[in-house]
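Only one structure is covered here, and it is reproduced in the block below.
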Amino acid sequence: MKCYVCAKEGKESTAVAVCIVCGMGLCMDHAIRKETEVWQGGYPFPLKKSQRSVPRILCPACAAAYGDDL
Ligand SMILES: [Zn+2]
Ligand SMILES: [Zn+2]
């Protein structure tokens, strides 16, 4: 898979991650990794708490739109 953001800019980079929201492929430069240590009520799974941080990968557009909520 190629990085979608790079492809739009006319470059070609191999994707190393996938955005969990929209599913686009992302290279290291464009993958935004977020970690949340504690789950808050209800989203997106019925987990109460997690002792571990949960990494999530977002593309720049989704990070801007949802980053603080995820
Ligand atoms: Zn890229
Ligand atoms: Zn995305």
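Any read-out appearing in this document is the output of simple, stated calculations on the displayed coordinates, not a laboratory observation. Fair warning: this is a prediction, and the values are worked out from it, not measured in the lab. Note: ideal-geometry Cβ built from the backbone for every residue, glycine included; neighbour counts use all protein chains shown.
Between residue 16 and residue 1, the simple label model (points 7 Å from Cα in the Cβ direction) yields a spacing of 1.5 nm. Please report the net charge: other residues with Cβ closer than 14 Å to the Cβ of residue 17, K and R +1, D and E -1. Counting the neighbours of residue 17, the net charge comes to +2. With a cut-off of 15 Å between beta carbons, the residues surrounding residue 4 carry a summed charge of 0, where Lys and Arg count +1 and Asp and Glu -1.
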